[in-house]
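Peer 1: To start, I am sharing the structure in question, which I have written as structure tokens.
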2 protein chains.
Amino acid sequence: MISEETHKKQGMLIVLSGPSGTGKDTVLREVVSKDRTLNLSVSATTRPPREGEVDGKDYYFINKKNFLNMVKEGKFLEYAKYCGNYYGTPFSEVDGLLDAGKDVILEIEIDGGCQVKKRCPEAVSIFIVPPSIGVLRQRILNRGIDNINNMEDRLETAKKELKFAGKYDYIVVNDNLEECVLNILSIIKSERMKSFRINYIINEVL
Amino acid sequence: MISEETHKKQGMLIVLSGPSGTGKDTVLREVVSKDRTLNLSVSATTRPPREGEVDGKDYYFINKKNFLNMVKEGKFLEYAKYCGNYYGTPFSEVDGLLDAGKDVILEIEIDGGCQVKKRCPEAVSIFIVPPSIGVLRQRILNRGIDNINNMEDRLETAKKELKFAGKYDYIVVNDNLEECVLNILSIIKSERMKSFRINYIINEVL
């Protein structure tokens, strides 16, 4: 018999951040494909849709006025301005899933990650780092960049961002993709065993 | 090059507790055999040595006067009286290993586990629970007990002890031994990625 307590099970919120070039996108895709119970949340943005992007699937495409109204009304778990456009995670998206007991994973910028941790201290925040600045430089080079100034800017930004790692719960090095993904899956699995999350099972045992 | 920061790496203290009959001993043995970097700490006791037990290996066998002196001098990380004998974990044992950057795992009674968590909040505490009281009853029966009163006493104690699960960081159900061991190994692996433990790697990356 499922006890009443069981119904109170809340989903877990997981936040993934890291400097650009650390391979967050690929890591997230792999993690979500290996743990099918994880849910992605759809962000809102003022950026115009790119070809093939679907409203409500890739993003909620809204205009700046609406976005800023939502900010004023406290409707974002986190938001940030990036290259002139706003990006944000609506509370409604995340809360619905969490209340249904589903785990949600967000890949967000470091500023947003810190906002989430302040608002939801029980969220699990994971910071992905490259094995070294040298490797990061090589990865950015491999992706192709416009010019060497752009490269130096990106490395400087990465160095500044790395200093925020200590504000996250976990630091995972992305040296080998497979290992990095396994480490993140291991963190998620362990966090599900945190006593404050599964204390209800004690009633089931009794 | 190993940075200076690296030298500051402290070992991690892991505490394993749970009601009797949950299979803690077996779980601990398996965990330690699978993760060879874990170290056991030798406890002190006033109980006389059993045949084959070696002083300094199985226990430090000391008399009651010396034990109580050590208690007075605050030399125990935790201690408890059990069936008329004292048992305790000397600080010196654990600190030496932790300072050398080695991880230590302790299997202790629930009262002791709560003492450790108070003194070392950064310790990782894991509470093992049986899948149900019915299963616990069967396991105690399988081990053989003296009489039915003894059984009821043990079950009553277990029920009381289960209420302390929420004071531990993690709750792991021991339904299937192999799975329980994997879960504990996963917790240990994840805890090693906690940012406050490995923040020094940011300096290495930079």
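The values are calculated or read from the model by the stated rules, or taken from the named source; none is laboratory data. Please read all numbers here as calculations on a predicted model, not as lab measurements. Quick reminder, even Gly has a Cβ in these numbers, built from the backbone with ideal geometry, and neighbours come from all protein chains shown. With ligands, DNA and RNA removed, areas are computed over all heavy atoms of the protein, side chains included. Shrake-Rupley method; radii C 1.70, N 1.55, O 1.52, S 1.80 Å.
Peer 1: Is it possible to state the helix-based mean residue ellipticity at 222 nm for chain A, with each DSSP H run of 4+ residues giving -39500 (n - 2.57), the sum divided by total residues, to the nearest 500 deg cm²/dmol? What is it? Don't skip to the end; give the middle numbers.
Peer 2: Numbers: 9 runs with 90 residues, N = 206.
It lands at -13000 deg cm²/dmol.
Peer 1: Now, a different point. How long, wide and thick is segment B:150-206, going by the Cα atoms along their three principal axes, in whole angstroms, largest first?
Peer 2: Reported extents, whole Å, longest axis first: 61, 25, 13.
Peer 1: Same structure, new question: Within segment B:40-71, list the chymotrypsin sites (Phe, Trp or Tyr not before Pro) lying in a DSSP loop whose Cβ has at most 16 other Cβ atoms in a 10 Å radius. Intermediate values should be presented prior to the final figure.
Peer 2: Working: sites: B:59, B:60, B:61, B:67; in loops: none.
Taking segment B:40-71 and a limit of 16 other Cβ atoms within 10 Å, no loop chymotrypsin sites (Phe, Trp or Tyr not before Pro) are found.
Peer 1: Tell me, what ³J(HN,Hα) does each residue in segment B:164-175 have, in order and in whole Hz, if you take phi through Karplus 6.51 cos²θ - 1.76 cosθ + 1.60 with θ = phi - 60° and put x for Gly and Pro?
Peer 2: 3J(HN,Hα) across segment B:164-175, in whole Hz: 8, 3, x, 7, 8, 6, 10, 10, 10, 7, 9, 9.
Peer 1: Take chain B, connect every pair of alpha-carbon atoms lying under 10 Å apart with a spring to form a Gaussian network, then pick out the residue of B:181, B:135, B:31 with the largest mean-square fluctuation.
Peer 2: Among B:181, B:135, B:31, the largest mean-square fluctuation in the Gaussian network model of chain B belongs to B:135.
Peer 1: Please report the Cα spread of segment B:52-108 along all three principal axes, rounded to whole Å, starting with the longest.
Peer 2: Reported extents, whole Å, longest axis first: 35, 31, 17.
Peer 1: What residue among B:176, B:39, B:142 has the largest mean-square fluctuation in a Gaussian network model of chain B, using Cα springs under 10 Å?
Peer 2: Judging by the Gaussian network model, the answer is B:142.
Peer 1: Net charge near residue B:173, counting Lys/Arg +1 and Asp/Glu -1 over other residues with Cβ under 11 Å of its Cβ?
Peer 2: Values: positive: none; negative: A:204, B:175, B:179.
Neighbourhood net charge equals -3.
Peer 1: Now for a different question. Am I reading the B/A interface right? What is its buried accessible area, both sides, 1.4 Å probe, to the nearest 100 Å²?
Peer 2: Values: alone 12180 and 12180 Å², together 21780 Å².
Adding both sides of the contact gives about 2600 Å².
Peer 1: Shielding of A:163-170 by partners, i.e. mean partner chain Cβ atoms within 10 Å per residue?
Peer 2: Values: counts 2, 2, 6, 5, 1, 3, 5, 9.
For this peptide, the per-residue mean of nearby foreign Cβ atoms is 4.
Peer 1: Report Rg (one decimal) and Dmax (nearest whole number) for chain A, counting Cα atoms only, units Å.
Peer 2: Here Rg and the maximum Cα pair distance are 18.4, 65 Å.
Peer 1: If you take the C-alpha gyration tensor of segment A:100-139, multiply each eigenvalue by 5 and take the square root, what semi-axes do you get, largest first, in whole Å?
Peer 2: Values for segment A:100-139, descending: 27, 12, 8 Å.
Peer 1: Give the separation of the Cα centroids, segment A:30-48 to segment B:52-107, in Å.
Peer 2: 50
Peer 1: What number does segment B:18-140 give for Rg over Rh if you use C-alpha atoms and the Kirkwood radius? Write down the numbers at each step before the final one.
Peer 2: Values: Rg = 15.2 Å, Rh = 15.7 Å.
Using Cα coordinates only, the ratio equals 0.97.
Peer 1: Give the shape of segment B:38-81 as rounded, prolate or oblate, defined through the alpha-carbon gyration tensor: a ≥ b ≥ c are the square roots of its eigenvalues, a/c under 1.5 means rounded, and otherwise the shape is prolate if a/b is larger than b/c and oblate if not. Walk me through the numbers before you get to the answer.
Peer 2: Values: a/c = 2.50, a/b = 1.30, b/c = 1.93.
Because a/c hits 1.5 or more and a/b fails to exceed b/c, segment B:38-81 counts as oblate.
Peer 1: Taking every alpha carbon pair in the protein assembly as shown, what does the distance histogram look like in 10 angstrom bins from 0, in percent?
Peer 2: 4, 18, 26, 23, 15, 9, 4, 1, 0
Peer 1: What average count of beta carbons from other chains do you get within 10 Å of the Cβ of residues in B:182-195?
Peer 2: Details: counts 2, 4, 2, 2, 8, 7, 2, 6, 14, 3, 3, 12, 5, 12.
Across B:182-195, the average partner-chain Cβ count within 10 Å equals 6.
Peer 1: Now for a separate question. Pick from B:30, B:152, B:51 the residue whose mean-square fluctuation is largest in a GNM of chain B, springs joining Cα atoms under 10 Å.
Peer 2: Comparing B:30, B:152, B:51 in the GNM, the peak value goes to B:51.
Peer 1: Note down the accessible area of residue A:196, probe 1.4 Å, to the nearest 10 Å².
Peer 2: 120
Peer 1: Give me the base-10 log of I(q)/I(0) for segment A:108-206 at each q in 0.14, 0.18, 0.25 Å⁻¹, Debye formula, one uniform scatterer per Cα, rounded to two decimals.
Peer 2: After summing over all Cα pairs, the log10 values are -0.68, -0.97, -1.32.
Peer 1: Also: Counting trypsin sites (Lys or Arg not before Pro) as exposed when in a DSSP loop with at most 11 other beta carbons within 10 Å, what is the longest stretch of chain B free of them?
Peer 2: On the way: sites that count: B:36, B:50, B:57, B:163.
Answer - B:58-162.
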